[in-house]
Structure formats: structure tokens, C-alpha cells
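Notes for the one structure printed next.
The values are calculated or read from the model by the stated rules, or taken from the named source; none is laboratory data. For clarity, every value in this text was computed on a predicted model and none was experimentally measured. Every residue, glycine as well, gets a Cβ built from its backbone with ideal geometry; the counts of neighbours run over all protein chains shown. Calculation scope for accessible area: heavy atoms of the full protein, side chains included, ligands and nucleic acids excluded. Shrake-Rupley method; radii C 1.70, N 1.55, O 1.52, S 1.80 Å.
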Amino acid sequence: MLKQFLNLKLSQKLSPQQIQLMKLIQLPTQAFEQRLKEEMIENPALESGKEEEELYEKDEFDNNDDYDDYEGSENIETEINIDEYLSNDETPDYKLQANNYSDDDDDRESPLAESVGFHQDLINQLNTFILTEEQRSIAEFLVGSIDDDGYLRRNMQDIVDDMAFTQGIYTDEKTVEKILHIVHELEPSGVGARDLQECLLLQLKHKTPTEYVELAIDIIENQFDAFTKKHYEKLLQKYEITQERLKKAIEEIEKLNPKPGGSFDSSSRVVEQIVPDFAIRIVDGELELTLNGRNAPTLHVSKDYQEMLQTYKESRDKSHSQKDAVQFIKQKLDSAKWFIDAIRQRQETLFVTMNAIMHFQQEYFLDGEETKLKPMILKDIADMVGLDISTVSRVANSKYVDTPYGTKLIKEFFSESMKNDQGEDVSTLEIKKILKTIIEEEDKSKPLPDDQLAEILGEKGYPIARRTIAKYRELLDIPVARMRKKI
């Protein structure tokens, strides 16, 4: 039996321009500069710097573009008011202050030494081995299968099949295993391992043999499970050794690198420098906020494009190609005007949002003590500035602010609230900081389990359940008590 229902659904769809604006707001300074360069290349009607001639400002926009309906018409009106693309909005100047960057600032770039990639370095090392053509092909295929951490996580049979299908190399698992032993001789030691246990063993076997290295090899090879679970009593009984000998062997293991590829990569990778999007300074006891001037470029519409439109307007013979040209010019002018306006909206959005955050967390910014960070959620700031929560989130998630206490990621100032034993709202950031301090100061031979941590925090005035302690500990990337234990 068929039934008909009437459903009313309220939905909001963003225009393509609104979506583009949201993307612009989300971009940090360096990414914004790159986006600006791309737009300048794509749109010849958009130019940087100030115009040679002084432009007058209109009070109102004239949005009636008479050339919109030019198709099929012989009398095309192309009087486009270029001032429309340049007119200032109603944003007060103080909201767009950006005095920490000027046109005559030098863009200094540090020279970078050319570095060889991780996999290419391994291939280069293979050239020092005497190998047949088939062995070299297999070895290079194995190297290409190693991930960025330095591990070969693929099954041997899968590798054999893949070489046959993609490279036309027909071999077997036994041959590949032999070639893998050659890969295991490459640097950094441990590269090409199939799991953590093999990775640690390879590194230990590359070390100069000592009694502690030999013991470490035995432990990893035969008692790996007990070692990873830190069952030290079991290891002491198994090997009938003193605590001191076991401690020395474990120290040898702790010196090893669980991600040999990662260490190579971090040493050769160019680390991107963080460019703060805002700066907060204390001037005469008051907070002063500035927006990085690189977010406020000076743009204008190309004068050449204005002249082209004027030439078309004065032309008596308007050909079809000229009509196509004016349509192209119109499109580029529209795009340029929108982009200039979007940048201004981005500037205002960034400034007013960070300004609200600064005043909300005024005690922290004046003092620098993290325990003075107040509970603050996205809705608090959204309500203060009259923006959507999603817009505030875009500002907070990807922007940095330079403070007297270092450069901070803005989203780190946000936290939920909890009640202390006095019924006062306290930030979860404060509780996490206290929790971290307690764990750092604990006796590592007898680390505190979560229930004891909950008791200690309760004594300090923060009644928190054990499961909440476990949640915060995981967020702080702190392992359970058993894994924090040391001899």
C-alpha cells in the first residue's frame, strides 16, 4: 500500500563564492600568500600594489552591469564603474591594523642544501654491492616497497606476485628472502625490517658486541613479549641476573630507533617555518593585537583592463570576437572585485575573532600562566563576534599567534569546563597540566595507576573519575602505569 507524506525541510546552501571565502579564512599566512600568487597568475585583471593615479571613493556600489545581456544585442553598454571593485567597505581601520610587516621588509630566504631522498639513498647504497642484474632488480623493488618509517610491511608472496605482474621478474620467496638480507645491510640499520622485533634485532646486531648488547639481543629474540609488557621480574628470573645487568641491557635497547626511515627523513626533510598570523604584545599593561601584514596585501584592478573596456565602448564596429573579449574582461573584473572584497572580509574575520579570544583569555595573555586559561568553547567566541561556529573553528584550527610566552596554536586556547570541589568552573587544560606534573614526578619504579591518580587529583580539589583520568592521559600521549615502569 502506497502512502504519501509531506515533509518540510529547512536547508541552507552555500554559494560557490561563500565556499571560497570559507577556504580563504581557513588558510594560514603562508598558504594564503601562495593562494594569492595563484590568483594573480590566473586573473590578469588583478594586480598588486597601489595604482599610479589617485582613485576616488563612491558611497554606493552601482551593481547594474548593463553588459550582462550583451548576447544578441548590437548596442552593448560597457560602462563599468571600476571604483566598484576598489571601494572601501565600512570596516573601521582599527580592525585591520597590521603594523608588524611593511613593503620594505626584506623577504630573507635561507639557502637550503640539496638532499637525497630516503629511497634514493638506499638505491645509491645498493650500487656498492656486487649483484647480478636480476638481484639488483629485486633489491631495488624491495627498497621501493619500504615505507617512510623504514619497514617492509608487505607479505613476501605478495611481493613475488607483484614483481611478476608489474616488472616481469619471475622469482620465488626464497630468492627474495636472500636479497632482503642484503637490504638489511643498508643504513640506517634496521631498515627493511618486517616488524618492530626484527627492526630492533637488526640494529642490535650492528652494534659492537658487549655483554649487555648480547643480553639485549637474547631478550628481543626470545623474550620480546615479556620485554614489551615490562615484566622485569620474569626476565630477572629467566636469566638469573642482577637488576643492574638487566637495566644496562634495557638501556641498550632504549637507544635504538623504532622508525629508522623516519630518522633519515626528519634529517633531510625541509622543516616549514611557522609564520604567526597574529601578534599579541603588552603595552603599558594593556594587550595589543596586530594581524600579520602579509594577510593584508594591496590590490587593485588592472588599468589596462579599464582601457580595453573604454576602447570597446568607443568602437563603432563591434565584431563578434570583440563581444567575446568583453565577456572575458567582465568575467575577470567580477573575479577580481570578489577576490579583493573576500580578502577584506578575511582580514576582518581573522582580526575580530582573535580579538575576542584575546579578551576572553585576558588573564592568561597578561600573565602567561597556563592555569589561568579559562574554559572556552567555539560557541563562546561565535556568540561574542556574531559569526558561525564553523567560521571560528576555521580561524582557530590553522592559525598561530605570537605571544610574549612563545608562538601558540590558537585552538590550544579552547577547552571544556569541569567543576572543582568549590563548584567553580575550571578548564580541562588546567587539570591536564596538573595530571602531567603528577606523572612526571612519580616514582618510576612504582608508577601510579589511574585510580591512584584520580585520588590525588581529588585531594587537590578536582573530583574526577578514573575513566576521565584514562581519557586525559591518552590525550597527553602518556602510557598506562605498567608501561611507564623503569628499573
Subject >> Residues being within 22 Å of Pro258 (Cβ to Cβ), assigned to a helix (DSSP H, G or I) and open to solvent by 90 Å² or more (accessible area, probe 1.4 Å) - total across segment 200-213 >> reply: 1
**OP:** Considering only segment 428-487, state which residues are among the polar types (S, T, N, Q) and within 24 Å of Phe414 (Cα to Cα).
**Re:** Thr428, Thr437, Thr468
Original post:
How about segment 113-172: which of its residues are in a helix (DSSP H, G or I) and of a type in the set (D, E, K, R)?
Top reply: Asp121, Glu133, Glu134, Arg136, Glu140, Asp158, Asp161, Asp162
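Which count do you get for residues in segment 231-255 that are among the β-branched types (Val, Ile, Thr) and surrounded by fewer than 18 Cβ atoms within 10 Å (Cβ to Cβ)?
So the count comes out to 2.
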**OP:** Tell me, please, whether a residue that is touching a residue at least 60 places away in the same chain (Cβ under 8 Å), assigned to a helix (DSSP H, G or I) and surrounded by 12 or more Cβ atoms within 10 Å (Cβ to Cβ) can be found in segment 220-228.
**Re:** no
Subject >> Count - residues of segment 239-257 that are under 43 Å from the mean Cα position of the chain (by Cα) and either part of a helix (DSSP H, G or I) or more than 25 Å from Val191 (Cα to Cα) (or both) >> reply: 9
Original post:
Residues of segment 406-425 being over 30 Å from Gln30 (Cβ atoms), in contact with a strand residue (DSSP E or B) (Cβ under 9 Å, 6 or more places away or on another chain) and open to solvent by 30 Å² or more (accessible area, probe 1.4 Å), which ones?
Top reply: Glu416, Ser417, Met418, Lys419, Asp425
**OP:** Looking only at segment 376-392, count how many residues are under 18 Å from Leu429 (Cα atoms) and either in a strand (DSSP E or B) or not basic (Lys, Arg) (or both).
**Re:** 5
**OP:** Kindly indicate whether Thr175 is at pLDDT below 90 and either assigned to a helix (DSSP H, G or I) or among the hydrophobic types (A, V, I, L, M, F, W, C) (or both).
**Re:** no
Subject >> Lone qualifier among Ala193, Ala216 - being in contact with a Cys (Cβ under 7 Å, 6 or more places away or on another chain) and either modelled with pLDDT under 90 or surrounded by 12 or more Cβ atoms within 10 Å (Cβ to Cβ) (or both) >> reply: Ala193
Subject >> Hits in segment 464-487 (condition: open to solvent by less than 30 Å² (accessible area, probe 1.4 Å) and in contact (Cβ under 8 Å) with a residue 40 or more places away in the chain) >> reply: Ile464, Tyr472, Ile478, Arg484
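Looking at the structure I just gave you, is Thr403 crowded, with 17+ Cβ neighbours inside 10 Å and more than 21 Å from the chain's Cα centre (by Cα)? First the steps, then the outcome.
On the way: crowded, with 17+ Cβ neighbours inside 10 Å: yes; more than 21 Å from the chain's Cα centre (by Cα): no.
The answer is no for Thr403.
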**OP:** Can you work out which of the residues in segment 359-375 that are of a type in the set (A, V, I, L, M, F, W, C) and surrounded by 20 or more Cβ atoms within 10 Å (Cβ to Cβ) is nearest to Lys432 (Cα to Cα)?
**Re:** Leu373
Subject >> Whichever residue in segment 109-135 is hydroxyl-bearing (Ser, Thr, Tyr) and at pLDDT below 90 and, among such residues, is least open to solvent (accessible area, probe 1.4 Å) >> reply: Ser115
Subject >> Long-range neighbours under 8 Å by Cβ, at least six apart or interchain, first residue open to solvent by 60 Å² or more (accessible area, probe 1.4 Å) within segment 426-445, second not in a helix (DSSP H, G or I) >> reply: Lys436/Leu476; Lys436/Ile478; Lys444/Lys485; Lys444/Lys486
